Structures are given as C-alpha cells and as structure tokens.
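All remarks here apply to the structure that follows.
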Amino acid sequence: MRLLTALTLFAALLTLSLTRPTLRKEPVGVGTKAPNGAEVFFDGTRAMLDQKWTYWAGPRLAATLPIKWFLQPNPTNPAEQVLNTNDPAGAGGKYGAADIVTKKEFRDARIHVEFLIPEKGGNSGVYLQNRYEIQVLDGDTTSHGMAAVINESPSPYYAYNGIGKWNAYDITFRAARFSGGKRVEPAMVTLYFNGKKVHVNRPIQQVWGGPNSGIDGGNDGGKGITDTPGGLKLQAEGHNVLYRNIWIKPLDLKKADTDF
C-alpha cells in the first residue's frame, strides 16, 4: 500500500514538472537587443535621431531644430556611430535647455538604454515618461548619484562599469494610476544596472528639479503628478556623455508589480 502511494506521488510530481512552464529571466545588460514587440529608438543613424526624437519644449529650451546632438565613432568600436549629448545650448549644466525626448509617448514600458561616460564627472540623465530621472553621473554615490531614482533611492554605484566603458539600464516602468483625477498609486520602477538588479518595485513619489526638469516639475513642487503620458528623455548638460542601443517595449501592467 505504501509502495503504491509513493508511486502515485512520484507520478504526480513528474507530471507537474513536465507541465510547469520553465521560468526564464529576460535578457539584460550591455548589448541586449530589442525583443519582439519593442521599437528601436536609436540605431546609430542620424535618420533615426531626426525621425524619432525632438527637443523637449520646456520653459528653459534654448536649442533649435535640427537636433545639435552629434554622432561620433564609438570609443570602444570605431566602426559604430553613437550619440553625444554635448549640445552647445546645454553648456554649463543648463539642464532643460537642450534635452531631447522621443516623439512617441508612453505609460507602462520596458526600456533599454546604454551609455558611456568618457571623462570624470560626466553628467546626463534618463527620464522615464519625461518625469522621473534615473541619474547618469560619474563620481556621485549619493541619492543624487549614478543609477539612483533621483533623490529617492541610494545610488547602486557598485554596479557601474566606470569611465570609458559601456553601461546598460534595463527598466520596467509602471506609470502612476489615477481615479477621479487623483493619483491613487505612484509610479513604480524595477532597474537592472549592468545586469544587476538594483531597484525592485521602487515607488517614485515626485518629479525633482523644478519646471526645467520635466513634465509636472513645476506643478506643486513636483508633487502634482498628472495623468499625462510622456516620452523617454535624455538630458544634455554640456558633457560628452554617449548613448546607443535605445529601445522601448510598451506594456500594460495591471498590477503594481514591475519585477522581472
């Protein structure tokens, strides 16, 4: 009787193992290519830059089209063209003066961005929904520093590859939720930095930096988040920060869970 029970249990476990789907972690890190359903937003060509990006028309805008960010050879592979943020209008750290943003707007999304900082102190930023900054800043390990959800999380500086090397942000972002015109759930993000999971289901409470920083930055001190989609924005601060391999896959996350 015991043998029959044991055999029955073994058969049930075997059936379960054969029918259970295999869990596979989504590819992340430097060089990760756009999956099915994703749209590439920078492939190293001037044509795509002009087609899919524009200057953010914030209150401090000083740049004029066409975009003055320029293409240059990749320092680690000269056969590849990459994008340099050093727009003359952003010289001296004038954030908001020459930031570029995708023409396409989004709410929930899976995002991949690669960047390289060639010099000490290189500064830029990746803005989710043109609101929430994931910092790009060499040398800063504070909550205002590298890969921080700016001013709301510690900097996972340990995952940074350093000057002259490519780095990758792999992000799942969930936009804030609203009911009756009021925010009932904050935005949320999970971030892999160079393949290391550094933020998991991190809520984002506000826009930092004032009206020059992004959508809603000047609304109730950045706390007045509205139910408006926004593009992916990259910041120009007069530094030679480089970008490549940028893609976005729209999502529709019913639950407040961005972990992947």
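The values are calculated or read from the model by the stated rules, or taken from the named source; none is laboratory data. All of these numbers come straight from a predicted model, not from anything done at the bench. Counting neighbours? That spans all protein chains shown, and the Cβs are built from the backbone with ideal geometry, glycine included. The protein model used for the area step is the full one, side chains on, heavy atoms only, and it has no ligands, DNA or RNA in it. Shrake-Rupley method; radii C 1.70, N 1.55, O 1.52, S 1.80 Å.
Some points to look at:
- Among the residues of the range 89-112, those identified as touching a strand residue (DSSP E or B) at 6+ places or on another chain (Cβ under 7 Å) and closer than 18 Å to Pro229 by Cβ are Asp99, Ile100, Val101, Thr102, Lys103, Glu105, Phe106, Asp108, Ala109, Arg110, Ile111.
- Count of the range 114-128 residues which are farther than 14 Å from Asn86 by Cβ and of a type in the set (A, V, I, L, M): 2
- Residue within the range 113-128 that is more than 18 Å from Asn167 (Cα to Cα), touching a residue at least 12 places away in the same chain (Cβ under 8 Å) and open to solvent by less than 20 Å² (accessible area, probe 1.4 Å) present: no
- Candidates in the range 133-183 are the residues that are basic (Lys, Arg) and over 25 Å from Ile100 (Cα atoms); of these, the one that is least open to solvent (accessible area, probe 1.4 Å) is Arg177.
- Any hit, the range 201-224, residues being in a strand (DSSP E or B) and crowded, with 23+ Cβ neighbours inside 10 Å: yes
- A count restricted to the range 124-161 and to residues that are over 24 Å from Lys52 (Cβ atoms) and either among the aliphatic types (A, V, I, L, M) or touching a Gly at 6+ places or on another chain (Cβ under 7 Å) (or both) stands at 11.
- Checking Ser155, Ser179 one by one, the residue that is among the small types (Gly, Ala, Ser), within 29 Å of Gly31 (Cβ to Cβ) and more than 14 Å from the chain's Cα centre (by Cα) is Ser155 and no other.
- Per the listing Gly145, Gly92, Gly121, the residue uniquely more than 18 Å from the chain's Cα centre (by Cα) and at pLDDT 95 or above is Gly121.
- Residue ID - surrounded by the most Cβ atoms within 10 Å (Cβ to Cβ), chosen from residues in the range 58-80 that are polar (S, T, N, Q) and in contact (Cβ under 8 Å) with a residue 40 or more places away in the chain: Asn74
- Matching strands (runs of 3 or more DSSP E) fully within the range 69-114 where at least 1 residues are over 24 Å from Pro27 (Cα atoms) and β-branched (Val, Ile, Thr): 100-102
- Residues in the range 235-260 that are more than 30 Å from Ala63 (Cβ to Cβ) and buried (at least 22 other Cβ atoms within 10 Å of the Cβ): Thr258 only.
- Scanning the range 213-248 for residues that are acidic (Asp, Glu) and either touching a Lys or Arg at 6+ places or on another chain (Cβ under 9 Å) or closer than 16 Å to Asp108 by Cβ (or both) turns up Asp216, Asp227, Glu237.
- Residue selected from the range 155-172 under the condition in a strand (DSSP E or B) and of a type outside the set (Gly, Ala, Ser), by the criterion farthest from Ile248 (Cα to Cα): Trp166
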